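Take a look at the structure set out below.
Read-outs throughout are calculated quantities, based only on the coordinates presented, and are distinct from any laboratory measurement. All values reported here derive from a predicted model rather than from experimental measurement. Here the Cβ is made from the backbone with ideal geometry for all residues, glycine too, and neighbour counts use every protein chain on show.
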Amino acid sequence: MAANTQPIFSSLGSVQWAAPALTSANTAKDGTGTVSTIATGNNAGNAAGNFIQKIIARALGTNVQTVLRIFINNGSANTTAANNALIAEMTLPATTLSETSAQPAYELPLNLALPPGFKLICTLSTAVAAGYQVSAIGGQY
């Protein structure tokens, strides 16, 4: 029998981000190596998990083209490949710093429930100079 027959909605907003901004390269496609945590399933003491609607990547200046890779980690060490699953990739084009033109935001829709204890982690395929701020937007259950 189904445990939940009613729709579930977020009770509070959830905005989380990788800190510091991403600049280093990691060519591993299995979530191992140097990664940054974007979001956890139990931020702010939330024990019921989070809904992650989307990821937003913003260039912080001049960067070469790279690929942003998003993984789900089961809460254990990311150094074990079996603890990670690649769920999304997004090409981030080369950017040039400007004080007269805005840099675009790059959005990646996810719409996934992140269980308590799990994490969203990310990497860049190529080292960049200025970096990218990567944020997760969603809600807490």
Net charge dipole size for the chain [Lys, Arg +1 and Asp, Glu -1 on Cβ; Debye, nearest 20]: 120
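Which whole-number percentage describes the relative contact order of the chain, with Cα contacts under 8 Å and a sequence gap of 6 or more?
Numbers: 372 pairs, mean separation 64.4, N = 141.
Relative contact order of the chain: 46 percent.
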Please list the equivalent ellipsoid semi-axes of the stretch 12-140, computed as the square roots of five times the alpha-carbon gyration tensor eigenvalues, in descending order and whole angstrom. 25, 18, 11
